[in-house]
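Following: one structure in structure tokens, then a few remarks.
The values are calculated or read from the model by the stated rules, or taken from the named source; none is laboratory data. Only a predicted model underlies this, so the values are computations on that prediction, with no experimental measurement involved. Here the Cβ positions follow ideal geometry from the backbone for every residue, glycine too, while neighbour counts run over all protein chains shown.
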Amino acid sequence: MKKTIWYSIVLIAMLVLAACSGESASAPKGSNESNGGGESNETFTYASTSDAVGLSPILMNDAVSANITEHVYEQLFTRNSETQEFDPLLAESYENPDEKTWVIKLKEGIKFHDGSPFNAEAVKYTFDKLRDPATAAPRASLLEPVDTITVVDEHTVEIKTKYPYGPFLAALSHTNAAIVSPTADKKQDLMKDPVGTGPYKFVSWTPGDKVELEANEDYWDGAPALKKIAFKVVPEISTAISMLQTGEVQFIDNLPTEQVKRLESMKNINIEKKDGTSVYYLAFNHSRERNQDADFRKAVSLAVDRDAFVSKLNGLGVRSDSVIGPQVFGFDEGADKAGTAYDVEAAKALVEKNGYGDEPIKLLTANRDNFILMAEIVQAQLTEAGFKVEIESLEWATFLDTARAGEYDMTFLSWSNVTADGSELLYPNFHSDNVGSSNRSQYSNPKFDELVVQSRTTIDQDKRLQILDQANHLMIEENVVLPMYHGIVTTAMDKNYTGLEVDPTGKWSLKNVTKK
Amino acid sequence: MIALIVRRGIQLVFLLLGISFLVFSSMYIAPGDPATMVGGPTATETDLEAIRDNLGLNDPFLVQYGRYLKHAAQGDFGYSYQTKQSVSEAIAIRFPNTLKLAIASMIVAVVIGIFAGLISALKHNSWLDVTSTTFALAGISIPNFWLGALLILVFAVNLQWLPVGGLSAPFYTVDGIKQLVLPAITLGTGSAAMIARMARSSMLEVIKADYVRTARAKGVKERNVIWIHTLKNGMIPVITVIGLNFGFLLGGTIITEKVFAINGVGRLMIDSIAMRDFPMVQGSVLLVATLFVVVNLIVDIVYTFIDPRISYD
């Protein structure tokens, strides 16, 4: 009798618990079928180490969210990673009647996922909202040069800028300049429930766990072959790699240097490496008197053996003296080796002559990615030349504030450069307008400022190239910063799939991925 | 009993007040501006000022804290600075995962711990005792991230018996149980070792007690001596350890949740600290504190069942 009561209690408890857990059982492996022709109904999963912040291109400003919004929304233009030119995407064509006017013709017959039409009104609505100070959009600066936006007809929009703006197409192809559905934006919170024109439609988001998308069967450029894709949060990269190995996820990116060998030994994946647009550099705090001494900067530059550092990156770094990287608009080969070459003896002589070793250097570093490695190697190299270097390692949030406030002597900074345009690297990072915000090296040089402004206000792209090259040379010759390496974009994908498109900016698209 | 619960309830309110003040002030003092994390690297000082205004971070400390308390008293624990999601909702999504993991690891810990402790005590100084205490020592010493990574490599990657990570399947399905095995072992090992050591020493003490000798002298069967006379009395300190451990596990276990890609409270807390997402940190710490107090209350009540001499009235 007593036993029967116990069994009943246990049974009831199990039923209650079962009822409380409302999730449906996941389909067992192998139950999905491939449709053939490269189409696949299996969920294709990408693992990222952190969660998205939000899914509205107007309001979000982080790389993880961007990976998702890039599949849901589209921009007017897109940068062709091979030609490095800007091809129309939602736009059909454009013309410049004068230097400050952009008349953009839009593609016809495209619909947002909610069924509302994509037209000139939607473009005006999106851009007006992005630049409205009340929106407080983090990337409102993209459209800062814009003066007016006028709907000419259903499929034509005219944008007038305050001054001729050279990188305008780069700005319009930026992730944050993607076009949203005005109807949806008025009705719902696009940060949680996004609606665009892209190849994938939003299905669900479990914060901290995953975002699921499904193929947009009515996509204007043909429905994608992968019918379901998921962006799953796997905080530990080594776990993500194990999951890739066992087939629990199909795709990862940003492969860490120390895991390259493990990944290369895995047989079921394809690794892709592509020279990227990001740059990692040693920055001097130019507001400090010692750093304003050109000889001091030269001594530091002579003492740092960048080749030795890059060789530690397992092939995941490109060595170039140029601040504007080889994949960025504005790079000229002449800049590649124009920097101060490693010469520790010359450095020692300068240090000794000027007494640079008397006062210690505070080398600030964020405690993530390759920064610590960089700091340790540079510390050792500078010490060899006679400098005294103290490393201060801070976690990311504190680091950002300390660097912004200029409380350091030297530090390591990086810039991913999503637009792949040199002006978009030099202006935020080194123009004196941005001291106290994104110009963390506090660099201020009227001659350099002038060149950067010219590079932004010139429409002729050949001329821009020359101006950017001049600004680049100025930085390299004066050792304004010391470029340590330029990033390499890395991805690893299950061998059963093909067709991944990877851009030097680190963006990638699953639109044309098919199952073999 | 009711008096105990009421008394603890009142204590809990004051405790939570104290904790919320501590967390609030430590986040306030901590370096790193939440506005920078929201605004991103390109934000200007004007942008940051607007963000701070918007989040109410420009108000004096006590005004901010008072506002928080007022809303919290109404059940509104605020919204994430980053995602604008409600704190209660964010925790509600993650807590079931932490709970599943905590219960599963506790089962592992209790079963292994008590079994090993008992064997050690009963076969005192035998090879079984030495083996079990060695394993217990190893269990306490092995770091979670190492054990987790090792288990993943062996059982998920090489043998492919179990999945690497996630807790997406319901726990009562085969897939759900499979997903729980590795994280539960990773997390349960440390607790199992602690329980084993405690069970061993406590049982050794009880076995030597006079009433046990008396029972044996009276001719009570050895099985009954162990199960009826010794075990129950030996279990009181063990239950304290179990309760404390369970309280910790409910607070989310950052490393295990990270290694096994489990969307739990511990990960939410650590990610929120890194992003300076104060409302999220505050909400999760208060939840953890409450659970800790409740679990300990339950432990105190359980004592009275095990040892009727214990009374709180």
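The table below lists the values:
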read-out: Which listed residue is within 14 Å of chain B (Cβ to nearest Cβ) and more than 30 Å from A:Thr239 (Cα to Cα), from A:Ile110, A:Ile68, A:Ile104, A:Ile58; value: A:Ile58
read-out: Where a residue in segment A:72-86 is assigned to a loop (DSSP other than H, G, I, E, B) and its partner, wherever it lies, is of a type in the set (Asp, Glu), with Cβ under 8 Å and at least six apart; value: A:Asn80/A:Asp87; A:Ser81/A:Glu501; A:Ser81/A:Asp503
read-out: Test: residue in segment B:234-254 that is within 14 Å of chain A (Cβ to nearest Cβ), without any contact (Cβ under 8 Å) to a residue 24 or more places away in the chain and in a helix (DSSP H, G or I); value: yes
read-out: Tally of residues being within 14 Å of chain A (Cβ to nearest Cβ) and more than 22 Å from the chain's Cα centre (by Cα) across segment B:103-151; value: 1
read-out: Odd one out for A:Tyr46 among (1) within 14 Å of chain B (Cβ to nearest Cβ); (2) at pLDDT below 80; value: (2)
read-out: Tally of residues being outside any strand (DSSP E or B) and out of contact with any Ser or Thr (no Cβ under 7 Å at 6 or more places or on another chain) across segment A:357-373; value: 7
read-out: Residue match in segment A:110-124 (condition: over 27 Å from the mean Cα position of the chain (by Cα) and of a type in the set (A, V, I, L, M, F, W, C)); value: yes
read-out: Members of segment B:144-172 found to be modelled with pLDDT of 90 or more and not in a helix (DSSP H, G or I), listed by number; value: B:Leu159, B:Gln160, B:Trp161, B:Leu162, B:Pro163, B:Val164
read-out: Residue satisfying condition, being within 19 Å of B:Gly283 (Cα to Cα) and either in contact with a strand residue (DSSP E or B) (Cβ under 6 Å, 6 or more places away or on another chain) or without any contact (Cβ under 8 Å) to a residue 40 or more places away in the chain (or both), within set B:Gly75, B:Gly39; value: B:Gly75
read-out: Only listed residue being out of contact with any helix residue (DSSP H, G or I) (no Cβ under 9 Å at 6 or more places or on another chain), surrounded by fewer than 23 Cβ atoms within 10 Å (Cβ to Cβ) and closer than 25 Å to A:Leu302 by Cα, chosen from A:Gly487, A:Gly499, A:Gly386, A:Gly406; value: A:Gly406
read-out: Odd one out for B:Lys178, checked against (1) basic (Lys, Arg); (2) within 14 Å of chain A (Cβ to nearest Cβ); (3) in contact (Cβ under 8 Å) with a residue 40 or more places away in the chain; value: (3)
read-out: Residues of segment A:202-227 classified as in contact with a helix residue (DSSP H, G or I) (Cβ under 7 Å, 6 or more places away or on another chain) and either touching a residue at least 40 places away in the same chain (Cβ under 8 Å) or buried (at least 19 other Cβ atoms within 10 Å of the Cβ) (or both), total; value: 5
read-out: Some residue of segment A:132-151 being within 25 Å of A:Ser437 (Cα to Cα), charged (D, E, K, R) and not in a loop (DSSP other than H, G, I, E, B); value: yes
read-out: When residues of segment B:162-175 are limited to those that are in contact (Cβ under 8 Å) with a residue 24 or more places away in the chain and in contact with an Asp or Glu (Cβ under 8 Å, 6 or more places away or on another chain), the one surrounded by the fewest Cβ atoms within 10 Å (Cβ to Cβ); value: B:Gly166
read-out: Residue that is nearest to the other protein chains (Cβ to nearest Cβ) [pool: residues in segment B:14-32 that are under 18 Å from B:His71 (Cβ atoms) and crowded, with 16+ Cβ neighbours inside 10 Å]; value: B:Met27
read-out: Filter pass, B:Ser191 being more than 14 Å from every other protein chain (Cβ to nearest Cβ), in contact with an Asp or Glu (Cβ under 9 Å, 6 or more places away or on another chain), within 20 Å of B:Ile239 (Cα to Cα) and surrounded by 21 or more Cβ atoms within 10 Å (Cβ to Cβ); value: no
read-out: Residues satisfying the stated conditions in segment B:78-102, i.e. within 14 Å of chain A (Cβ to nearest Cβ), farther than 20 Å from B:Pro170 by Cα and in contact (Cβ under 8 Å) with a residue 12 or more places away in the chain; value: B:Tyr79, B:Ser80, B:Tyr81, B:Gln82, B:Val87, B:Ser88
read-out: Enumeration of residues in segment A:370-404 that are charged (D, E, K, R) and more than 14 Å from chain B (Cβ to nearest Cβ); value: A:Glu376, A:Glu384, A:Lys388, A:Glu390
read-out: Segments classed as helices (runs of 4 or more DSSP H), wholly inside segment A:416-516, with at least 2 members that are among the hydrophobic types (A, V, I, L, M, F, W, C) and within 14 Å of chain B (Cβ to nearest Cβ); value: A:423-430
read-out: Residues being farther than 21 Å from B:Gln74 by Cα and touching a residue at least 60 places away in the same chain (Cβ under 8 Å) - total across segment B:278-293; value: 1
read-out: Residues satisfying the stated conditions in segment B:221-267, i.e. of a type in the set (Gly, Ala, Ser) and within 12 Å of the chain's Cα centre (by Cα); value: B:Gly243, B:Gly247, B:Gly251, B:Gly252, B:Gly264, B:Gly266
read-out: Flag if A:Ala215 is modelled with pLDDT of 95 or more, under 30 Å from B:Leu150 (Cβ atoms) and of a type outside the set (D, E, K, R); value: no
read-out: Filtered residue count, segment A:162-188, keeping only those that are touching a residue at least 40 places away in the same chain (Cβ under 8 Å) and within 14 Å of chain B (Cβ to nearest Cβ); value: 4
read-out: Set A:Lys507, A:Lys495, A:Lys447, A:Lys463: member being within 30 Å of A:Ser40 (Cβ to Cβ), more than 18 Å from the chain's Cα centre (by Cα) and not hydrophobic (A, V, I, L, M, F, W, C); value: A:Lys495
read-out: Residues that are assigned to a helix (DSSP H, G or I), surrounded by fewer than 19 Cβ atoms within 10 Å (Cβ to Cβ) and in contact with a helix residue (DSSP H, G or I) (Cβ under 6 Å, 6 or more places away or on another chain), drawn from segment B:39-60; value: B:Arg52
read-out: Test result for B:Thr36, surrounded by 13 or more Cβ atoms within 10 Å (Cβ to Cβ), in contact with a helix residue (DSSP H, G or I) (Cβ under 7 Å, 6 or more places away or on another chain), at the interface with chain A (Cβ under 9 Å from one of its Cβ atoms) and in a loop (DSSP other than H, G, I, E, B); value: no
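Per-residue answers, yes or no, for (1) in a helix (DSSP H, G or I); (2) among the aliphatic types (A, V, I, L, M); (3) at pLDDT 95 or above; (4) in the same structural domain as A:Thr398 (by TED's automatic domain parsing):
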{"residue": "A:Ser301", "(1), (2), (3), (4)": "yes, no, yes, yes"}
{"residue": "A:Val323", "(1), (2), (3), (4)": "no, yes, yes, yes"}
{"residue": "A:Gln327", "(1), (2), (3), (4)": "no, no, no, yes"}
{"residue": "A:Lys337", "(1), (2), (3), (4)": "no, no, no, yes"}
